[in-house]
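The values are calculated or read from the model by the stated rules, or taken from the named source; none is laboratory data. Keep in mind the model is a prediction, meaning the values are calculated, not measured. Heads up, the Cβs are rebuilt from the backbone with ideal geometry, glycines too, and the neighbour counts pull from every protein chain shown. In case anyone asks, the SASA skips ligands and DNA or RNA and just uses the protein heavy atoms, side chains included. Shrake-Rupley method; radii C 1.70, N 1.55, O 1.52, S 1.80 Å.
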Amino acid sequence: MSNFAYERLHSNLHNLKLDTIDNIVDNYLEIAAKDGKSILEVLDYLIDQERRTKENTARERKMRLAMFPVHKRLEDFDLDFQPSVDRAVISDLASLRFVHTAANVVFLGPPGVGKSHLAIAMGIEAVNAGFKVYFVNAGALVEGLKNANMKGILEKKLKALGKYDVLIVDEMGYLPLDREGAHCFFQLISRRYEKSSMIFTSNKSYGEWGDIFHDHVVAAAILDRILHHCTTVNIKGESYRLKERKKFGLTTMEK
Ligand SMILES: Nc1ncnc2c1ncn2[C@@H]1O[C@H](COP(=O)(O)OP(=O)(O)OP(=O)(O)O)[C@@H](O)[C@H]1O
Ligand SMILES: [Mg+2]
């Protein structure tokens with residue numbers, strides 16, 4: 001390759017931010033010449049490597065932006081331990097059909113049964129598929145909305161949350177909301193309704209959600225929108241934390 005072509009190639013690759021090709025092209029051209037690769041094969045290989053790195057970088061970025069508190073994968077969830085969880089429902093959720101149809105998912109159940117685990121696991125599946133996901137605790141979310149409302153920037157905040165394909169709201173109902181909190185939450189739900197998905201976890205049954213929002217009329221309006229297109233996974237089982245404590249107790253007794 002002439003010096004001019006060589007320098008212009010690297011300069012163009014750099015300017016076009018094709019950094020992977022920029023890094024591997026020299027070595028690869030040597031190998032390709034030895035192996036007698038065609039120009040088509042060389043182009044295909046280089047461009048495919050660039051695409052892979054770009055996709056990985058974007059995925060890692062989305063994973064960071066999702067703010068998962070811990071990394072919980074679907075394959076680490078022991079379905080045998082929780083027979084009330086229907087495998088067919090979980091595999092349907094894992095297909096992410098609910099994200100494509102802007103439907104919601106609610107994981108209900110007592111403490112420790114894996115609600116947050118499954119919510120995070122679905123979020124990770126969605127990030128891996130290229131979707132934008134954001135995980136937030138319900139209390140923190142509502143505080144953020146109320147703060148924005150107070151500063152007159154609720155609209156901006158709702159718009160910012162609107163860029164996520166999946167919004168995961170963990171621990172609904174652990175703390176009751178006041179009137180303003182419920183109002184802001186309603187704004188969020190009605191904004192996302194039939195446009196983008198939400199995943200909730202809660203230890204309160206739907207019947208008890210009225211108490212979360214203080215106002216039963218707002219609670220009904222919120223639930224009506226959430227449940228219109230929704231899969232509810234009602235987990236009725238023993239706490240996995242308890243199981244692990246029992247296991248630990250047994251092993252220490254055996255010593
Ligand atoms: N079936 C399961 N298989 C493997 N790990 C599980 C299972 N269920 C729960 N766990 C693990 O047990 C711990 C508690 O689960 P998780 O935090 O999801 O419970 P939770 O239902 O959200 O409880 P809480 O209502 O207290 O928030 C986590 O470390 C989680 O990964
Ligand atoms: Mg939880």
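Computed values, structure above
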item: Separation in nanometres of the label points that stand 7 Å from Cα toward Cβ, at residue 211 and residue 39; result: 7.4 nm
item: Potential lengthening between residue 228 and residue 31 on full extension [0.36 nm per residue; Cα-Cα distance subtracted]; result: 65.1 nm
item: Dipole magnitude of the chain about its Cα centre (Cβ charges: Lys, Arg +1; Asp, Glu -1), debye to nearest 20; result: 620 debye
item: D (Stokes-Einstein, µm²/s), Kirkwood Cα radius, region 1-116, 1.567 mPa s at 4 °C; result: 69 µm²/s
item: Accessible area in square angstrom per residue, the chain, 1.4 angstrom probe; result: 58 Å²
item: Computed lengthening from residue 75 to residue 245, 0.36 nm per intervening residue step minus Cα-Cα distance; result: 59.0 nm
item: Taking N as its residue count, the alpha carbon Rg of the chain over 2.2 N^0.38 Å; result: 1.35
item: By average C-beta atoms within 10 angstrom, highest first, the peptides 100-110, 69-79, 212-222, 117-127; result: 117-127, 100-110, 212-222, 69-79
item: Relative contact order of region 21-155, defined on C-alpha pairs under 8 angstrom at six or more residues apart (%); result: 29 percent
item: Cα-based convex hull volume of region 94-180 per residue, rounded to whole Å³; result: 101 Å³
item: Within the accessible area of region 37-131 (1.4 Å probe), percent carbon and sulfur; result: 55 percent
item: Computed over the chain: relative contact order in percent, which uses C-alpha pairs under 8 Å that are six or more apart; result: 24 percent
item: Average Cα contact separation per residue, region 1-97, under 8 Å, 6 or more apart, as relative contact order %; result: 19 percent
item: Proximal lysines relative to residue 195, as straight alpha-carbon distance under 23 Å, when same-chain residues fewer than 8 apart are discounted; result: 62, 132, 146, 156, 157, 159, 163
item: Alpha-carbon Debye profile of region 119-237, log10 I(q)/I(0) at 0.10, 0.20 Å⁻¹; result: -0.28, -1.20
item: Rounded Å value of the spacing that divides the Cα centres of region 32-101 and region 129-189; result: 27 Å
item: On Cα atoms only, tilt of 216-228 relative to the major axis of the chain in degrees; result: 40 degrees
item: Neighbourhood net charge (10 Å Cβ-Cβ; Lys/Arg +1, Asp/Glu -1) for residue 17; result: -2
